[in-house]
Structure formats: structure tokens, C-alpha cells
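Novice: Pasting a structure here, questions to come.
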Amino acid sequence: MKFLLALLHRNAAADLAAFKLTAVRMLVQPAVYLFVFGYVVGGMLPAQGGGYARIMAPGIVAISVVTGPFVTIGGGVISGYYFRTMEEWLLAPVPLRTLLAALVFNGLCYGLAGGTVVAALVWAILGLAPQNVGYMVLTATAGALLFSLFTLVVLLVPETPDKGQEVFSFLMMPMTFFGCTFYSYDMLGAPFNYLALLLPTTYIAEGLRAAYSPDSPHMEAGTVLAGLSLAAAVLIPLADWAFRRRFRDFTW
Amino acid sequence: MAAVLVDHATVVYPSGVKAVEGLSMCVRHGEIFGLLGLNGAGKTSAIKMLATLLRPTAGRVRILGLDTMERPAEIKRRIGVVPQENNLDTYLDVRQNLAFHCRYAGLAKKDYTPRVEEWLALLGLEGKATESVLRLSGGTKRKAMLAKAFLTEPELLILDEPTAGLDPDVRALLWDKVGEFRRNGGTVFLSTHYLEEAERLCDRIGILHGGRLVAEGTVADLARWAGRDASERGGVEAAFRRAVGGCS
């Protein structure tokens, strides 16, 4: 636990040192998204079950929840590769799985922190608040956890994380746009509704949508939980395998 | 009990490159052991293996009586490592780098804070303590790396080219601290390119060539192996030239 907290403190110290960049990433970017797509465009577009802003706002929270882990874990792994800080962490007297857990824990914390900041912006800009806070926390926690694991898999399966970074950029675009962040699953027609079921972002965005607006169209809770559980069942062993394979012998 | 015991260890990289082949050596407690070799001889791979960053593909390595495959975390708690390349955290300043190094090792703030300040003062880094490491010179970064290795009060220091890029006065300071560390019962395993430095400081020296240990012994042993009088200076250089077959 000491190591987990030490790494979290290190990330906070690093973010504090780059305060302006952190503020832009965590506050300004989502605020602009919410203002333009939620307040301006959302006010112009009618949507089933309420205004477009109500459909889209949980999706923006979902995007923040899934990008938080990439920024913190991805930043750590990529700078760990270029500046060799990964070697410093690997020389810490903890088992390899503790380092893995610490990175995932950091991703989880940053995903939740990002989600909380954007949820506050949604409330401030659009006046929307979650109706089911428990379901929101559960979905956001699962989302941040899944994308912490996903980030590690994508960055560590290729030989070097710079290649993984390209793969991540390539995957994130369809994950965001086909993953029901800017519209609800209900609005999708075939075959895209089948494609969306393969993307974990769909379950995260739909879970958050249900938490925000239980009366609006959204995926059933059972389907959301099944999708998140299945993704976890795939990603947990895969991330463990990728991490141990890459770092049992440190060759960067 | 040996501080470092390597038994027929081989390291083969996934690419198929054999970096270390059948390496066997023993470093006794309280000894300074120097590993010499040309670039690509396998020194860094051997050092990574001792630091538990690389697993031997074959053979066994025991550090402070512990097997590197079985108890790497416990070994890392008891060693201090200066890798060949700087691994300072570029997002942090110098003081934070030293402090977080101690925190990763599980030290409490009340224990590490005075040590960090002491090492900052010792290496003349007080004025640079709040500077980002990105703005430091190569020599200053190296000083911070050296401080990290000593901070956790290890029993064994593993130093890969520790004096590369350092000014003569900082080199002298380093060797002074290494000497003090040894007098207090510590063991040192180092690799260096400076043959004269190895001859002057090391109790025993090994020469690695093509991943194999081709000569090993005291300075006098190596001089005799090279056909020189053991009392003459330059015996290590002569042994080195013989070991690498004139490649230097």
C-alpha cells in the first residue's frame, strides 16, 4: 500500500509541477466540449427522451473517465521508456505485481478524478446531476479500471511503448465515436449497434447515461454489468501477462 | 557467505543475442570487485542480472545469500544500484527524486528527510535541489544518481560505470564515499572503463570478453597472468590487453 500511495503522490507532484497543462487537460478541454456540444449544439438538437445535452453529457463524463488512465499510466510508461524512469520503479523493492497494481490504482484514481471534475462541470454548465450516484460510481470505477488495464496492454504488448502509443491513438477514435459517447445505444441502427457491443466504452457511457437520466433510453443495467464484467475478465489476465512478460526481464 | 555468487549464468536476449555466457564468480563481503570489458562485452547485462532486472537464462545468481529468481524484492531492498544510464524522474526536481526514491523503498519521511538533505549537501546539490532534472548538466544528474544509491543504506552497491562523465573532484568524492562504505562493511560491485581506477581501488577484478569471464583475480594475479611483475604498475592494463586479444 505504501508503494501505491508513493506512486500516486509522485503523479500528483508531477501534475502540480505542470499545473497549467494539468488544468487545461482536466478542466478547460471538457468545459469547451460541454459548452459547445452540450450547451450550444445540444440546445439546438431535439432528441428522444430529452435534449441532446442530456444524452451527450454522460458520454463526456465517460470520455474523461477513460482518458484519465491513459494520461497517467501512458505518461508514466512512455516517459519510463524514454527517460528510463521505469527502471527506477523496477528497482523498487516490491514484487512486479505490486508495481502493476500501483499503476492500475493510479489510473483508477485519475479516471475517477477526471470523471468527478467533468461531472461538476456538467452540473455547472448544463445543470444536470446524476440521479443514481451509486450506479454512476460503480460504472465510472469499472470504466477507469478497464481503461487502466487496456492502456497497459496496448502499450506493453508491442516491443516498445512508442509503437503502442500509435495503436492506442488508432483504437481510441473508433472507441469514442462508435462507443455511444455522443449518442445513446438506442439511437444506433444495425450493423453499428452490434459493433458497439464489442466496445467497452459503450457499457461505460450507457451505465453513466442510466445513472444520469433513468427515464431516458439507455441500456439495461444487467447488460451494462455483463459487458463490463466480460471486459474485465479479458483485460485483467491480459494486462498481467503483458506486464510480466515485458518487465520480468527489463530490456528497454 | 558470498555477497555475490554467480554460478554458470547465461543471459540470452529474446533476439537471440547471447550477452553473458557461463559466467561464474564470487564476491566476498566487504570486497570491492571491478568488472572490466570492452563495449558490448556483457558488463551491463551482467550488472542487470545482479540487480534482478534480468533473469539468467541458465545458471543461478545469489545476492546476499538470496536467489535472484526467488526473492528479487528482498534483494532490491538490500542493494543500491547506479545504472549506466540516468533514470531520474524528469517530472520531478532533484530533492523530489531523492525523496521518492526513498519512499519507493518504503522509508518513512522522518528517516529519509535528513538523509536526503545530507546527500544534497555532500554532493553540493543544495542550490539545485528544486531544479527540474531536465535542466541539469550530465555531471549533476550523475551526482543525483549516486546519492540515490547510497540513500537507502544498502549492504551491496552495484555501480555500472559510476564515474563516467564526472569531474575529477566528484570522482574523488565518490571513491571516498565508496571507501567509507566498504570500511563500514559494505560490498561493492562495479564496472568501469578506467583501468587505472580499477587497479587502484578494486580488491579483485574480472575481465569480461564476448560475454565470458576470461580472467579474474587480484591486481597481482592479473599482472602475473599477463606476464608482468606483480609489483609493477600497469599490470591490469596488460592483463586487459591480453584478455581482449588486442581488440582495445
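Values in this text are rule-based calculations from the coordinates and carry no lab data. None of the values given here were measured: they were computed from a predicted structure. Cβ: placed from backbone, ideal geometry, glycine included. Neighbour counts: every protein chain shown.
Novice: Compute log10 of I(q)/I(0) for the stretch B:78-149 with the Debye formula, placing one identical point scatterer on every Cα and leaving out solvent, at q = 0.19, 0.25 Å⁻¹, to two decimals.
Specialist: Here log10 of I(q) over I(0) equals -0.70, -1.23.
Novice: Relative contact order of chain B: what whole-number percent is it, with Cα pairs under 8 angstrom and at least 6 residues apart? Mind dumping the intermediate values first?
Specialist: Values: 464 pairs, mean separation 62.9, N = 248.
Dividing the mean separation by the residue count of chain B yields 25 percent.
Novice: If you take each beta carbon of peptide A:11-23 and count the beta carbons of other chains within 10 angstrom, what is the mean? The partial results should precede the final answer.
Specialist: On the way: counts 1, 0, 7, 6, 1, 1, 5, 1, 0, 0, 0, 0, 0.
Other-chain Cβ atoms within 10 Å of each residue's Cβ, averaged: 2.
Novice: For a quick protection proxy, order the peptides B:138-150, B:100-112 by their average other-Cβ count within 10 Å, most packed first.
Specialist: Values: B:138-150: 20.9, B:100-112: 17.8.
Result, highest mean Cβ count within 10 Å first: B:138-150, B:100-112.
Novice: Further question: Going by alpha carbons, how many degrees (0 to 90, nearest 10) lie between the helix axis of A:2-17 and the longest principal axis of chain A?
Specialist: Roughly 70 degrees, rounded to the nearest 10.
Novice: State the Cα centre-to-centre distance between the stretch A:123-153 and the stretch B:68-117 in whole Å.
Specialist: Taking the Cα centre of each part, the stretch A:123-153 and the stretch B:68-117 sit 34 Å apart.
Novice: Which value in deg cm²/dmol, rounded to the nearest 500, describes the helix-derived mean residue ellipticity at 222 nm for chain A, given -39,500 (n - 2.57) per DSSP H run of n ≥ 4 and division by the residue count?
Specialist: Working: 12 runs with 170 residues, N = 252.
Helix contribution divided over all residues of chain A: -22000 deg cm²/dmol.
Novice: Once you average over the residues of B:198-208, how many Cβ atoms of partner chains fall within 10 Å of each Cβ?
Specialist: Numbers: counts 0, 0, 0, 0, 0, 0, 0, 0, 0, 0, 0.
Counting other chains' Cβ atoms within 10 Å and averaging over B:198-208 gives 0.
Novice: Right, next: Could you work out the mean projected area of the convex hull around the alpha carbons of the stretch B:2-243, in square nanometres to one decimal?
Specialist: So the mean shadow area of the Cα hull is 13.1 nm².
Novice: Let me ask something else about it. Stretch A:Val40-A:Met187 to full length: gain in nm at 0.36 nm per residue minus the Cα-Cα span?
Specialist: Numbers: separation 147, 0.36 × 147 = 52.92 nm, distance 2.08 nm.
Roughly 50.8 nm would be gained on extension.
Novice: Give me the angle, in degrees from 0 to 90, between the Cα long axis of helix A:161-177 and the longest principal axis of the Cα atoms of chain A, rounded to the nearest 10.
Specialist: Roughly 10 degrees between the two axes.
Novice: Under the 0.36 nm per residue contour assumption, what length would be gained going from the current alpha-carbon distance of B:Asp67 and B:Arg233 to full extension?
Specialist: This chain segment gains 56.0 nm when fully extended.
Novice: Springs between alpha-carbon pairs under 10 angstrom, Gaussian network model over chain A: which of A:Leu238, A:Leu152, A:Leu171 fluctuates most?
Specialist: A:Leu171
Novice: Could you work out [θ]222 nm for chain B from helices alone, using -39500 (n - 2.57) per DSSP H run of at least four and dividing by all its residues? Round to the nearest 500 deg cm²/dmol. Each step should come with its number before you reach the end.
Specialist: On the way: 9 runs with 93 residues, N = 248.
Computed mean residue ellipticity for chain B: -11000 deg cm²/dmol.
Novice: Which three lengths, in whole Å and largest first, does the stretch A:45-122 cover when its Cα atoms are put on their principal axes?
Specialist: So the extents along the principal axes, rounded to whole Å, are 56, 22, 18.
Novice: From zero up to wherever the largest Cα-Cα distance of the protein assembly as shown sits, split into 20 Å bins and tell me the percent of pairs in each.
Specialist: Values per bin, smallest distances first: 22, 44, 24, 9, 1.
Novice: Please give the residues of the stretch B:145-176, grouped as numeric ranges, whose backbone N is less than 16 Å from a label point set 7 Å along the Cα-to-Cβ vector of B:Glu118.
Specialist: Counting backbone N atoms under 16 Å from the label point, the list is B:147-155.
Novice: Kindly express, to the nearest 10 degrees and within the range 0 to 90, the angle between helix A:221-247's C-alpha long axis and the longest C-alpha principal axis of chain A.
Specialist: For helix A:221-247, the angle is close to 20 degrees.
Novice: Which whole number gives the average count of other chain Cβ atoms within 10 Å of the Cβ atoms across peptide A:87-99? Can you show the working numbers first?
Specialist: On the way: counts 8, 12, 4, 6, 15, 9, 13, 7, 2, 2, 0, 1, 1.
Averaged over the peptide's residues, the number is 6.
Novice: Between B:His193 and A:Ala124, how many nm apart are label points set 7 Å from Cα along the C-beta direction?
Specialist: Output for this residue pair reads 5.4 nm.
Novice: What list do you get for A:Met86, A:Met44 if you sort them by fewest beta carbons within 10 Å? The partial results should precede the final answer.
Specialist: Values: A:Met86 22, A:Met44 8.
Lowest count first: A:Met44, A:Met86.
Novice: Now for a different question. For chain A, how big is Rg over Rh, using alpha carbon atoms and the Kirkwood form of Rh? Write down the numbers at each step before the final one.
Specialist: Working: Rg = 18.2 Å, Rh = 18.5 Å.
Expressed as Rg/Rh, it is 0.98.
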